[in-house]
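Here the structure is laid out as structure tokens; the discussion comes afterwards.
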């Protein structure tokens, strides 16, 4: 039927139909996550760690977690970071989540990424916004609830955020 319509409609008719479709289209308001004022209040890194992990013990993960990022960040607005967690990523033994926290940011939790065994590897690359020089903490949570932490210091020459 569409083929028959194609032969009967001229280019002018198609343009008229397109104009009607555009006129009938109404933009919907964007569904935002919220305004900055509605976000959690600024909190120190200790409270953020307690809120995220409670009283669970956190093991030293320097041998398990590799953090690749510059030692000196010229622009705190965009600091590249790559995190690799050594894990077989099987159903029995896998990384469930990776958290990246910047101690000097007003809201320390920068990134939380959930993973499944289907990911194949626990490897994440992103950019951070950093307010000031200080340690970056990466916490890996495994499927059995174990927590591993690694830390990397970075020096920021120009602050990148206030939030």
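So how many residues does the range 108-122 have that are buried (at least 16 other Cβ atoms within 10 Å of the Cβ) and in contact with a strand residue (DSSP E or B) (Cβ under 7 Å, 6 or more places away or on another chain)? Going through the range 108-122 one residue at a time, the tally reaches 6.
Among the residues of the range 125-141, count how many are buried (at least 19 other Cβ atoms within 10 Å of the Cβ) and modelled with pLDDT under 95. Here the count works out to 3. Total residues in the range 142-163 satisfying the condition of being surrounded by 13 or more Cβ atoms within 10 Å (Cβ to Cβ) and outside any strand (DSSP E or B): the figure is 5.
For residue 54, the requirement of being out of contact with any helix residue (DSSP H, G or I) (no Cβ under 7 Å at 6 or more places or on another chain), on the phi > 0 side of the Ramachandran plot and modelled with pLDDT of 90 or more is met. Across the range 60-80, what is the total count of residues that are farther than 17 Å from residue 158 by Cα and touching a strand residue (DSSP E or B) at 6+ places or on another chain (Cβ under 6 Å)? Result for the range 60-80: 7. Any residue that is assigned to a loop (DSSP other than H, G, I, E, B), in contact (Cβ under 8 Å) with a residue 12 or more places away in the chain and closer than 21 Å to residue 43 by Cβ - is there at least one of those in the range 69-92? Among the residues of the range 69-92, at least one is assigned to a loop (DSSP other than H, G, I, E, B), in contact (Cβ under 8 Å) with a residue 12 or more places away in the chain and closer than 21 Å to residue 43 by Cβ, which makes the answer yes.
The values are calculated or read from the model by the stated rules, or taken from the named source; none is laboratory data. This is a predicted model, so every value here is computed, not measured. Cβ sites come from the backbone with ideal geometry, for glycine too, and all protein chains shown count toward neighbours.
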